[in-house]
Amino acid sequence: MSVEITAAIFGAIFGTLANGVIEIVKFLSGRKSLKKAIQIGLYFEIEHHKIVELQKDGDDQPNFVLASFQDKFYSNNISPLTKLCPEELIQHLTFYYSSLESVHNHQNDLLKINSEIDELVSKMPRTNEDSQRYAELIKKRNGTKYVLRVYLAPCINTRQVLLTELKKVFKKDPAEKKYIDVLPEHEEWWKKIQNE
């Protein structure tokens, strides 16, 4: 075999390998960018979830409410998440989002129960049947509040764990960045409400 043919064969092999390596690097860097973008999106979605501790019940039981919840980003990116993120992060996300989904549904139930209770309380005169229904609703309300406690108490900690883990992709702490700006005539008011 001549030197030219051998050089051409090795050139073709090297060219193919180089193109393959380039494609692999592009693929991996694309995955890395996608992973970072997904983690940033999740950070901001979770950051906007608000779990508020309310006044304790008479029996000193804590009360929590999910004041703000959105899962669109998580739901739309569940497939790439499972491929790009570590298993432990996926487990925390799954626990957190499934718990908040359940809480959201239970809070809606609690609103309906409270509405029914208010309706019965305002009803005069009450029948024996009304009194029985009232007792059932109070029992149901207490059970729903218990479920909310059991779900939300661990979610507060899980939220912090997730935010700490997801924050690692930022070069600067996102809490220090200014994402929202207002018109100059509203700046004084905006600063005032931010400090409340």
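The values are calculated or read from the model by the stated rules, or taken from the named source; none is laboratory data. All values reported here derive from a predicted model rather than from experimental measurement. All Cβ positions, even for glycine, are placed from backbone atoms using ideal geometry, and neighbour counts span all protein chains on display.
Scanning the range 113-167 for residues that are free of Cβ contacts under 8 Å to residues at least 24 places away in the same chain and closer than 30 Å to residue 33 by Cβ yields 160, 164. Against the numbered list (1) at pLDDT below 85; (2) in contact with a strand residue (DSSP E or B) (Cβ under 6 Å, 6 or more places away or on another chain), residue 58 comes up short only at (2). When both residues are 6+ apart or on different chains and their Cβ atoms are under 9 Å apart, which pairs have a first residue that lies in the range 46-70 and is touching a residue at least 40 places away in the same chain (Cβ under 8 Å) and farther than 27 Å from residue 94 by Cβ, and a second that is surrounded by 10 or more Cβ atoms within 10 Å (Cβ to Cβ) and not acidic (Asp, Glu)? Pairs that qualify, where the first residue is touching a residue at least 40 places away in the same chain (Cβ under 8 Å) and farther than 27 Å from residue 94 by Cβ and the partner is surrounded by 10 or more Cβ atoms within 10 Å (Cβ to Cβ) and not acidic (Asp, Glu), are 57/63; 57/142; 57/145; 61/145; 61/146; 61/149. Residues of the range 62-75 that are more than 12 Å from the chain's Cα centre (by Cα) and either exposed (fewer than 12 other Cβ atoms within 10 Å of the Cβ) or polar (S, T, N, Q) (or both): 63, 67. Entry remark, the range 126-148: residues being exposed (fewer than 15 other Cβ atoms within 10 Å of the Cβ) and in contact with a Phe, Trp or Tyr (Cβ under 8 Å, 6 or more places away or on another chain) number 1 in total.
Would you list the helices (runs of 4 or more DSSP H) that sit entirely within the range 37-124 and hold 3 or more residues that are under 30 Å from residue 136 (Cα atoms)?
It comes to 87-122.
Residues that are at pLDDT below 85 and under 12 Å from residue 42 (Cβ atoms) were ranked within the range 81-100; the one that is nearest to the chain's Cα centre (by Cα) is 81.
Among the residues of the range 99-125, which ones are surrounded by 13 or more Cβ atoms within 10 Å (Cβ to Cβ) and either among the small types (Gly, Ala, Ser) or farther than 30 Å from residue 50 by Cβ (or both)? Correct list: 99, 102, 120.
The residues on offer are 113, 78, and the sole one that is at pLDDT below 90 and aliphatic (A, V, I, L, M) is 78. Is it the case, given these coordinates, that residue 16 is in a helix (DSSP H, G or I) and at pLDDT below 85? Judged against the criteria, residue 16 is a match.
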